[in-house]
């Protein structure tokens with residue numbers, strides 16, 4: 001079975017485990033959704049994913065968030 005490629009955690013939990021989250025993102029490509037009051041407000045994504053999104057936006061293929 002494939003390893004989980006995403007996680008979700010609150011801001012407080014993220015503060016306590018930021019280095020582990022960054023390592024999981026860099027090494028395993030994990031996406032971590034950051035929540036505030038139970039609502040997703042941000043995501044920590046691997047650099048290639050973020051760069052691909054930026055390239056699409058610059059090309060006009062994807063509207064800004």
Round to the nearest 10 and give me the degree value, 0 to 90, for the angle of helix 47-58's Cα axis relative to the longest principal axis of the chain.
30
Relative contact order for the chain, counting Cα pairs under 8 Å that sit 6 or more residues apart, in percent
27
Helix-derived [θ] at 222 nm for the chain: sum -39500 (n - 2.57) over DSSP H runs of at least 4, divide by residue count, nearest 500?
-15000 deg cm²/dmol
Expressed as an acute angle from 0 to 90° and rounded to the nearest 10, what is the orientation of the C-alpha long axis of helix 11-28 relative to the principal long axis of the chain?
60
Calculate I(q)/I(0) for the chain by the Debye formula, one identical point scatterer on each C-alpha and no solvent, and give its log10 at q = 0.14 Å⁻¹ to two decimals.
-0.48
Can you give the % of DSSP beta bridges in the chain that are antiparallel, to the nearest 5?
50
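Every number in this text was worked out from the coordinates using simple rules, so none of it is lab data. From a predicted model like this one, the values you see are computed outputs, not experimental measurements.
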